[in-house]
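See structure below.
Just so you know, all these numbers are worked out from the coordinates, no wet-lab data involved. In this text the structure is predicted, and so the values were computed from the model without any measurement. With ideal geometry, Cβ positions are generated from the backbone for all residues, glycine too; neighbour counts draw on all protein chains shown.
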Amino acid sequence: MPEGYLPIFIFLICAILFPLVLLAIFRYLRPSLPIPVKLEAYECGIRAASNARGRYTVRFYIVAILFVVFDVETIFLFPWAVRFRQLAWFGVAEVAVFLSILIVGYIWAYKKGALEWV
């Protein structure tokens, strides 16, 4: 039984060694001249205005999470669309309940001020 896993282990070793060997080889082959201009952050040719590690407001993360939640929720409409004809009116009622819960959640988040940028 262990001999059946031999090709997998060989592939795993090759998958690990190949990038490591290439990185080691090209580390010594590439030209390296670390001058201050090369070490600066590049922002479309404009000097950086502030530190890149600045703080973001929590509202940015809340809006991002809400976007992901509502976006993922709408993905659940795809299986319904595939089986639309077979589900008939029962499927329409299910989607109506699903969308009403989604809309109530969106309205709740809006009234709580989670989508305000100011």
Would you mind getting the Kirkwood hydrodynamic radius of the chain from its Cα pairs, rounded to one decimal in Å? 21.3
Among PHE78, PHE18, PHE90, whose mean-square fluctuation peaks in a Gaussian network model of the chain (Cα, cutoff 10 Å)? PHE18
P(r) histogram, all alpha-carbon pairs of the stretch 76-118 included - 5 Å bins from 0, percent: 6, 21, 20, 16, 11, 11, 9, 5, 2, 0
Compute the acute angle (0 to 90°) between the alpha-carbon long axis of helix 58-75 and the principal axis of greatest extent of the alpha-carbon atoms of the chain; round to the nearest 10°. 70
Measuring from its Cα centre, the chain shows a charge dipole (+1 at each Lys and Arg Cβ, -1 at each Asp and Glu Cβ) which, in debye to the nearest 20, is 400
GNM top mover of LEU99, LEU29, LEU39 - the chain, alpha-carbon springs below 10 Å: LEU29
